[in-house]
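K.L.:
Structure in structure tokens, see below.
Bear in mind these aren't lab numbers, they're just calculated from the coordinates by the rules spelled out. In this text the structure is predicted, and so the values were computed from the model without any measurement. Neighbour counts run over all protein chains shown; Cβ positions are idealised from the backbone, glycine included.
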Amino acid sequence: MRKILYSLFLVAAIVACQDLYDAPPQSLLEVKLTNVDTLSNRIPKVSVYGVDQDSIWIYQVQTNAFRLPLSLEETTSFVLLLDSIADTLTIRHSNELIFESAESGFYHEFKILDVGHSFNQIDDYEVTDSMVTKNWHENIELYILSVPAGDN
Amino acid sequence: MKILSFTFFLCLLATISLGQERDLKKKPERTDKFIHMDGLRVGLDLSRSLQHLWNKGNRYGTELSFDMELTPNLYPVIETGWERLSINHDYLEYTSSGSYTRFGFDYNLLVAEHKKDMDIVYVGLRYGFNFANQQVKKYMIANYWGDITGRLGRQNYNAQWAEFVLGIKGEIFTNFFMGWSIRGKLKMDQKDFDMPHVYFNPGYGPAEKEFNFDISYSIYYNLPFNFRGSKKE
């Protein structure tokens, strides 16, 4: 009986030591790439870094959808390299601080107000959902040229 | 035929119900309609300082209780205490603390074996309220564009709730008792904020839940003050 009580106490003590906390969620802007030429099935190699940032967010990943982190400034600008051809993408947005829980802390949600871009590979854009939340979903669809602009 | 079967079924149900009612009426009246415990019982809840063992974060507190047998088997109770919860990790430093009080009564279900038998098994009801404050001393949000840190000022709030209690108190030495209770807590009212929401209610528990379970383990001393001037055989 005493052994059982000691065991229960030990289990309770171990459980008590395991206060594990999750990192807060992150709201990421999701971008989908669509070829202007509907017959093309081009999937470009994508690299992304923030303007004036030293670190690369995405490096040479072949994909037609990716997610981007927004800053707390009024605008956030990225350099997008689609098959090594650079475009800039600028998002004007508002942000709101959200309390998730005491276990994980705070995070931000964003609302897209405007989008600007250069025209090297990006032809046009459409905001599919302006709310950037912790439940990641498509926010912007970028229409890209099927072949690099210089090859036209 | 269906109507006959249905009528028979209804008659059977009515007979069973009547039989049960008669059984209830037959229940003998209590034989211990006398004051078991003179004086005022003061208790200290030992479980309040050990709550971090089964709760997230560092939760601790102190609670005192006072009860007396006002009429046979009915014990008005006051419980008052203080609690604090602090949660510290990489992303948040949160503290909440406050004092709380509960009023109510316990009813003893255990029929005493003799006049000095002060052991009780009880059910009880409480009304509880608290005055508390919370503060986010620091928060950190990891971000590609640079980590974001901030803090939020102290916020005062209060809450009210009802409690249903089931427990025992047994006399281990003369006038010394030990006991435990299981408690169901039902939130009635809560002052809340948009940023951040109230996370913890002293005396109640996690604020986001409308219903909380709790356990307590206490020691008691009965101050043998015979305010009625009655004599025990």
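K.L.:
With θ taken as phi - 60° and the coefficients 6.51, -1.76 and 1.60, list the Karplus ³J(HN,Hα) couplings across region A:46-53 in order, rounded to whole Hz; mark glycine and proline as x.
P.N.:
My calculation for region A:46-53 gives 10, 10, 9, 9, x, 4, 6, 9 Hz in order.
K.L.:
Each residue of region A:136-144 in turn: what ³J(HN,Hα) in whole Hz from Karplus with 6.51, -1.76, 1.60 and θ = phi - 60°, glycine and Pro shown as x?
P.N.:
4, 7, 5, 10, 10, 10, 9, 8, 10
K.L.:
Which of A:Thr76, B:Thr95, A:Thr63 comes first, and how do the rest follow, when ranked by fewest Cβ neighbours within 10 Å?
P.N.:
Result, fewest neighbours first: A:Thr63, B:Thr95, A:Thr76.
K.L.:
Using only the Cα atoms of region B:117-181, each taken as one equal point scatterer with no solvent, compute I(q) by the Debye sum, divide by I(0), and report log10 of the ratio at q = 0.19 Å⁻¹.
P.N.:
Computed log10 I(q)/I(0) values: -0.84.
K.L.:
Ignoring everything except DSSP H segments at least 4 long, calculate the 222 nm mean residue ellipticity for chain B; use -39,500 (n - 2.57) per segment, divide by total residues, nearest 500.
P.N.:
-4000 deg cm²/dmol
K.L.:
Go through B:Ile168, B:Thr95, B:Asn143 and say which Cα lies farthest out towards the positive end of the charge dipole of chain B; charges sit on Cβ, +1 for Lys and Arg, -1 for Asp and Glu.
P.N.:
Positive-most Cα among the choices belongs to B:Ile168.
K.L.:
Dividing the alpha-carbon Rg of region B:119-233 by 2.2 N^0.38 Å yields what?
P.N.:
1.60
K.L.:
Follow-up. In 5 Å bins starting at 0, how do the alpha-carbon pair distances of region A:22-151 split up by percent?
P.N.:
2, 11, 20, 23, 19, 13, 7, 4, 2, 1, 0
K.L.:
Which residue, B:Phe200, A:Ser101, B:Gly81, has the largest displacement toward the positive end of the dipole of the protein assembly as shown when charges sit on each Cβ (Lys, Arg +1; Asp, Glu -1)?
P.N.:
Final value for the positive-end residue is B:Gly81.
K.L.:
Based on the alpha-carbon gyration tensor of region B:39-86, what equivalent-ellipsoid semi-axes (square roots of 5 times the eigenvalues) come out, in whole Å, largest first?
P.N.:
Rounded to whole Å, the semi-axes are 29, 9, 8.
K.L.:
Can you sort A:Asp52, A:Asp19, B:Asp90 by how many other beta carbons sit within 10 Å, fewest first?
P.N.:
A:Asp52, B:Asp90, A:Asp19
K.L.:
Can you give the FRET efficiency for B:Asp192 and B:Arg228, using 1/(1 + (r/R0)^6), R0 = 51 Å, r = Cβ-Cβ distance, to the nearest 0.05?
P.N.:
0.65
K.L.:
Moving on to the next point. Starting from the coordinates of the alpha-carbon atoms of chain B, obtain the Kirkwood hydrodynamic radius over all distinct pairs and give the value in Å to one decimal.
P.N.:
21.0
K.L.:
Using the count of nearby Cβ atoms within 10 Å as a rough guide to exposure, how do B:Ile148, B:Ile172, A:Ile140 rank from fewest to most?
P.N.:
Lowest to highest Cβ neighbour count: B:Ile172, B:Ile148, A:Ile140.
K.L.:
Taking K and R as +1 and D and E as -1, what net charge do the other residues with C-beta under 13 Å from the C-beta of B:Asn133 add up to?
P.N.:
Its environment carries a net charge of +3.
K.L.:
Using the alpha carbons of the protein assembly as shown, what is the convex hull volume per residue in cubic angstrom, as a whole number?
P.N.:
In the protein assembly as shown, the Cα convex hull volume per residue is 269 Å³.
K.L.:
Enumerate the amide H contacts of A:Leu113 below 5 Å, restricted to partners 5 or more residues apart or on another chain; note that Pro and chain-start residues carry no placed amide H.
P.N.:
So A:Leu113 has HN proximity to A:Arg92, A:His93, A:Ser94.
K.L.:
Where nothing but the Cβ of Lys and Arg (+1) and of Asp and Glu (-1) is charged, how large is the charge dipole of the protein assembly as shown around its Cα centre, in debye to the nearest 20?
P.N.:
The calculated dipole for the protein assembly as shown is roughly 2740 debye.
K.L.:
How big is the dipole moment of region A:22-151 about its Cα centre under a simple scheme where the beta carbon of each Lys and Arg is +1, that of each Asp and Glu is -1, and everything else is neutral? Debye, nearest 20, please.
P.N.:
240
K.L.:
Taking each residue of B:91-104 in turn, how many C-beta atoms of other protein chains fall within 10 Å of its C-beta, and what is the average?
P.N.:
Mean number of neighbouring Cβ atoms from other chains: 2.
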